[in-house]
Amino acid sequence: MKLHYKTWRLVVLAMFAAIIFLLAFTPIGFIPLPFMRATTIHIPVIVGSLLLGPKAGALLGFMFGLTSLINNTFNPNVMSFVFSPFYSLPGQESGSWLSLIIVFVPRVLVGVTPWYVCAGLKKAMNERFTPVNWVLSGIVGSMTNTLLVMHLIYFFFGEDWNNVREGTTAIYAAILSVVAINGIPEAVIAGIIVTALMSALTAAIKVPQREWQR
(Lines give C-alpha, C1' and ligand atoms only; values in the text may rest on other atoms or scores of the structure.)
Protein backbone atom coordinates (compact mmCIF):
# COMPACT_ATOMS: atom_id res chain seq x y z
CA MET A 1 0.00 0.00 0.00
CA LYS A 2 2.85 2.37 0.86
CA LEU A 3 4.55 1.67 -2.48
CA HIS A 4 1.24 2.18 -4.29
CA TYR A 5 0.77 5.59 -2.63
CA LYS A 6 4.30 6.73 -3.51
CA THR A 7 3.87 5.57 -7.10
CA TRP A 8 0.55 7.41 -7.37
CA ARG A 9 2.14 10.62 -6.08
CA LEU A 10 5.06 10.43 -8.51
CA VAL A 11 2.76 9.80 -11.47
CA VAL A 12 0.44 12.69 -10.59
CA LEU A 13 3.37 15.01 -9.83
CA ALA A 14 4.95 14.19 -13.20
CA MET A 15 1.62 14.78 -14.94
CA PHE A 16 1.17 18.22 -13.43
CA ALA A 17 4.81 19.13 -14.12
CA ALA A 18 4.27 18.21 -17.78
CA ILE A 19 1.10 20.33 -17.90
CA ILE A 20 2.97 23.32 -16.44
CA PHE A 21 5.72 23.12 -19.05
CA LEU A 22 3.19 22.53 -21.83
CA LEU A 23 1.24 25.63 -20.84
CA ALA A 24 4.41 27.67 -20.35
CA PHE A 25 5.69 27.15 -23.86
CA THR A 26 2.38 27.52 -25.68
CA PRO A 27 0.32 30.72 -26.06
CA ILE A 28 -2.24 29.65 -23.45
CA GLY A 29 0.25 29.60 -20.58
CA PHE A 30 1.42 33.21 -20.59
CA ILE A 31 -1.10 35.49 -22.28
CA PRO A 32 0.53 38.73 -23.50
CA LEU A 33 -1.02 41.96 -22.24
CA PRO A 34 0.26 45.48 -23.01
CA PHE A 35 2.44 45.71 -19.88
CA MET A 36 2.29 42.26 -18.30
CA ARG A 37 1.67 38.59 -19.04
CA ALA A 38 -1.49 37.07 -17.60
CA THR A 39 -1.09 33.41 -16.73
CA THR A 40 -3.03 30.18 -16.48
CA ILE A 41 -0.12 28.17 -15.09
CA HIS A 42 -1.15 28.78 -11.49
CA ILE A 43 -4.17 26.49 -12.02
CA PRO A 44 -2.27 23.15 -12.28
CA VAL A 45 -0.09 24.33 -9.39
CA ILE A 46 -3.17 24.89 -7.22
CA VAL A 47 -4.80 21.60 -8.21
CA GLY A 48 -1.53 19.75 -7.66
CA SER A 49 -1.25 21.30 -4.20
CA LEU A 50 -4.77 20.19 -3.28
CA LEU A 51 -4.16 16.63 -4.49
CA LEU A 52 -0.57 16.10 -3.31
CA GLY A 53 0.00 18.46 -0.39
CA PRO A 54 2.05 21.63 0.18
CA LYS A 55 5.51 20.16 -0.42
CA ALA A 56 4.61 18.87 -3.86
CA GLY A 57 2.68 22.08 -4.47
CA ALA A 58 5.77 24.14 -3.63
CA LEU A 59 7.79 22.07 -6.13
CA LEU A 60 5.17 22.67 -8.82
CA GLY A 61 5.20 26.37 -7.93
CA PHE A 62 8.98 26.41 -8.36
CA MET A 63 8.51 24.93 -11.84
CA PHE A 64 5.98 27.68 -12.56
CA GLY A 65 8.57 30.27 -11.54
CA LEU A 66 11.26 28.58 -13.62
CA THR A 67 9.09 28.70 -16.76
CA SER A 68 8.40 32.38 -16.10
CA LEU A 69 12.14 33.05 -15.78
CA ILE A 70 12.85 31.21 -19.03
CA ASN A 71 10.05 32.99 -20.90
CA ASN A 72 11.09 36.43 -19.73
CA THR A 73 14.74 35.77 -20.52
CA PHE A 74 14.36 34.32 -24.01
CA ASN A 75 11.04 35.91 -25.06
CA PRO A 76 11.15 39.26 -23.23
CA ASN A 77 8.72 42.15 -23.22
CA VAL A 78 9.20 45.65 -21.79
CA MET A 79 8.46 44.42 -18.25
CA SER A 80 10.71 41.38 -18.27
CA PHE A 81 13.29 43.07 -16.04
CA VAL A 82 11.03 42.39 -13.04
CA PHE A 83 11.07 38.62 -13.73
CA SER A 84 14.57 38.00 -15.08
CA PRO A 85 17.98 39.20 -13.86
CA PHE A 86 19.27 38.59 -17.38
CA TYR A 87 17.10 41.39 -18.82
CA SER A 88 18.45 44.88 -18.20
CA LEU A 89 16.66 47.45 -16.10
CA PRO A 90 15.59 50.58 -18.01
CA GLY A 91 18.61 52.82 -18.57
CA GLN A 92 21.05 50.30 -17.10
CA GLU A 93 23.36 47.67 -18.54
CA SER A 94 22.29 44.79 -16.32
CA GLY A 95 19.35 43.34 -14.48
CA SER A 96 18.83 42.81 -10.76
CA TRP A 97 18.96 39.63 -8.70
CA LEU A 98 15.85 40.90 -6.88
CA SER A 99 13.82 39.73 -9.87
CA LEU A 100 14.56 36.15 -8.77
CA ILE A 101 12.60 36.81 -5.57
CA ILE A 102 9.64 38.04 -7.61
CA VAL A 103 9.74 35.18 -10.09
CA PHE A 104 10.09 32.37 -7.54
CA VAL A 105 8.75 33.25 -4.07
CA PRO A 106 5.12 34.06 -5.02
CA ARG A 107 4.93 31.06 -7.36
CA VAL A 108 6.24 28.64 -4.70
CA LEU A 109 3.64 29.98 -2.26
CA VAL A 110 0.90 29.46 -4.88
CA GLY A 111 1.56 25.76 -4.31
CA VAL A 112 1.36 26.07 -0.53
CA THR A 113 -1.51 28.39 0.43
CA PRO A 114 -4.35 26.50 -1.33
CA TRP A 115 -3.69 23.31 0.63
CA TYR A 116 -3.77 25.13 3.96
CA VAL A 117 -6.94 27.01 3.02
CA CYS A 118 -8.65 23.78 2.02
CA ALA A 119 -7.40 21.89 5.09
CA GLY A 120 -8.49 24.73 7.39
CA LEU A 121 -11.95 24.88 5.87
CA LYS A 122 -12.27 21.09 6.10
CA LYS A 123 -11.43 21.21 9.80
CA ALA A 124 -13.80 24.14 10.41
CA MET A 125 -16.63 22.24 8.72
CA ASN A 126 -16.15 19.08 10.77
CA GLU A 127 -14.07 17.13 8.27
CA ARG A 128 -16.44 17.72 5.36
CA PHE A 129 -15.52 18.68 1.81
CA THR A 130 -17.74 21.07 -0.13
CA PRO A 131 -17.22 22.97 -3.39
CA VAL A 132 -16.60 26.05 -1.23
CA ASN A 133 -13.27 24.53 -0.14
CA TRP A 134 -12.06 24.34 -3.71
CA VAL A 135 -13.47 27.68 -4.84
CA LEU A 136 -11.78 29.57 -2.01
CA SER A 137 -8.56 27.57 -2.41
CA GLY A 138 -8.43 28.51 -6.09
CA ILE A 139 -9.12 32.17 -5.36
CA VAL A 140 -6.53 32.36 -2.57
CA GLY A 141 -3.91 30.57 -4.68
CA SER A 142 -4.41 32.94 -7.59
CA MET A 143 -4.44 36.06 -5.40
CA THR A 144 -1.28 34.85 -3.63
CA ASN A 145 0.47 35.11 -6.98
CA THR A 146 -1.04 38.46 -8.01
CA LEU A 147 -0.72 40.26 -4.69
CA LEU A 148 2.82 39.10 -3.94
CA VAL A 149 4.13 39.70 -7.47
CA MET A 150 2.64 43.19 -7.72
CA HIS A 151 3.70 44.26 -4.22
CA LEU A 152 7.22 42.94 -4.70
CA ILE A 153 7.38 44.87 -7.97
CA TYR A 154 6.28 47.95 -6.03
CA PHE A 155 8.96 47.53 -3.35
CA PHE A 156 11.83 46.50 -5.65
CA PHE A 157 11.13 48.16 -9.00
CA GLY A 158 8.15 50.46 -8.50
CA GLU A 159 9.56 53.57 -10.13
CA ASP A 160 11.13 51.71 -13.07
CA TRP A 161 7.92 49.71 -13.61
CA ASN A 162 5.79 52.85 -13.64
CA ASN A 163 8.17 54.71 -15.95
CA VAL A 164 8.18 51.88 -18.50
CA ARG A 165 4.39 51.76 -18.58
CA GLU A 166 4.40 55.58 -18.81
CA GLY A 167 2.09 55.76 -15.83
CA THR A 168 0.69 59.11 -14.82
CA THR A 169 -0.90 57.97 -11.54
CA ALA A 170 0.82 57.27 -8.23
CA ILE A 171 2.81 54.04 -8.35
CA TYR A 172 0.83 52.21 -5.65
CA ALA A 173 -2.46 53.27 -7.23
CA ALA A 174 -1.21 51.79 -10.51
CA ILE A 175 -0.30 48.55 -8.70
CA LEU A 176 -3.79 48.34 -7.19
CA SER A 177 -5.37 48.97 -10.55
CA VAL A 178 -3.53 45.96 -12.02
CA VAL A 179 -4.68 43.85 -9.07
CA ALA A 180 -8.27 44.96 -9.57
CA ILE A 181 -8.42 44.78 -13.37
CA ASN A 182 -6.35 41.63 -13.94
CA GLY A 183 -5.94 39.90 -10.58
CA ILE A 184 -9.52 39.71 -9.35
CA PRO A 185 -11.05 38.30 -12.58
CA GLU A 186 -8.09 35.88 -12.82
CA ALA A 187 -8.78 34.70 -9.26
CA VAL A 188 -12.51 34.19 -9.87
CA ILE A 189 -11.78 32.19 -13.02
CA ALA A 190 -9.20 30.13 -11.10
CA GLY A 191 -11.74 29.37 -8.39
CA ILE A 192 -14.26 28.12 -10.95
CA ILE A 193 -11.76 26.03 -12.96
CA VAL A 194 -10.11 24.54 -9.85
CA THR A 195 -13.53 23.51 -8.52
CA ALA A 196 -14.49 21.89 -11.82
CA LEU A 197 -11.17 20.05 -12.09
CA MET A 198 -11.17 18.85 -8.49
CA SER A 199 -14.77 17.64 -8.78
CA ALA A 200 -13.93 15.73 -11.96
CA LEU A 201 -10.64 14.31 -10.69
CA THR A 202 -11.96 13.13 -7.34
CA ALA A 203 -14.94 11.52 -9.07
CA ALA A 204 -12.87 9.86 -11.80
CA ILE A 205 -10.00 8.50 -9.74
CA LYS A 206 -9.57 7.19 -6.23
CA VAL A 207 -7.49 9.89 -4.58
CA PRO A 208 -5.53 8.69 -1.54
CA GLN A 209 -6.58 10.73 1.46
CA ARG A 210 -3.36 10.47 3.46
CA GLU A 211 -2.52 14.16 2.91
CA TRP A 212 -5.73 15.12 4.74
CA GLN A 213 -5.32 12.77 7.68
CA ARG A 214 -2.75 14.82 9.59
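The values are calculated or read from the model by the stated rules, or taken from the named source; none is laboratory data. What you are looking at is a predicted structure, and each value in this text was computed from that prediction instead of being measured. Glycine also receives a Cβ, built like all others from the backbone with ideal geometry; neighbour counts cover every protein chain displayed.
Within region 52-98, the set of residues being modelled with pLDDT of 95 or more and among the small types (Gly, Ala, Ser) comprises Ala56, Gly57, Ala58, Gly61, Gly65. Taking (1) in contact with an Asp or Glu (Cβ under 9 Å, 6 or more places away or on another chain); (2) under 19 Å from Glu186 (Cα atoms) in turn, Gly91 satisfies each apart from (2).
Please state which of the following conditions Ser137 fails to meet, knowing it meets all the rest: (1) touching a helix residue (DSSP H, G or I) at 6+ places or on another chain (Cβ under 8 Å); (2) in contact (Cβ under 8 Å) with a residue 12 or more places away in the chain; (3) farther than 17 Å from Ala58 by Cα. All conditions are met except number (3). Limited to region 48-80, what total is found for residues that are in a loop (DSSP other than H, G, I, E, B), more than 19 Å from Pro114 (Cβ to Cβ) and touching a residue at least 40 places away in the same chain (Cβ under 8 Å)? Residues that pass the stated criteria total 3.
Restricting Glu159, Glu186 to those that are part of a helix (DSSP H, G or I), modelled with pLDDT of 85 or more and in contact with a strand residue (DSSP E or B) (Cβ under 7 Å, 6 or more places away or on another chain) reduces the list to Glu186.
Take the residues in region 6-21 that are β-branched (Val, Ile, Thr) and surrounded by fewer than 17 Cβ atoms within 10 Å (Cβ to Cβ), then tell me which one is farthest from Met63 (Cα to Cα).
Out of the qualifying residues, it is Thr7.
Picking from residues in region 120-149 that are among the charged types (D, E, K, R) and in a helix (DSSP H, G or I), the one that is surrounded by the fewest Cβ atoms within 10 Å (Cβ to Cβ) is Lys123.
Of all residues in region 115-155, those that are among the aliphatic types (A, V, I, L, M) and over 21 Å from Leu100 (Cβ atoms) total 11.
The set of residues in region 190-214 that are part of a helix (DSSP H, G or I) and either at pLDDT 90 or above or crowded, with 16+ Cβ neighbours inside 10 Å (or both) comprises Ala190, Gly191, Ile192, Ile193, Val194, Thr195, Ala196, Leu197, Met198, Glu211, Trp212.
The set of residues in region 162-183 that are in contact (Cβ under 8 Å) with a residue 40 or more places away in the chain and either closer than 26 Å to Gly61 by Cβ or touching a strand residue (DSSP E or B) at 6+ places or on another chain (Cβ under 6 Å) (or both) comprises Val178, Asn182, Gly183. Here Leu100 meets each of (1) touching a Pro at 6+ places or on another chain (Cβ under 7 Å); (2) assigned to a helix (DSSP H, G or I); (3) buried (at least 17 other Cβ atoms within 10 Å of the Cβ) with one exception, condition (3).
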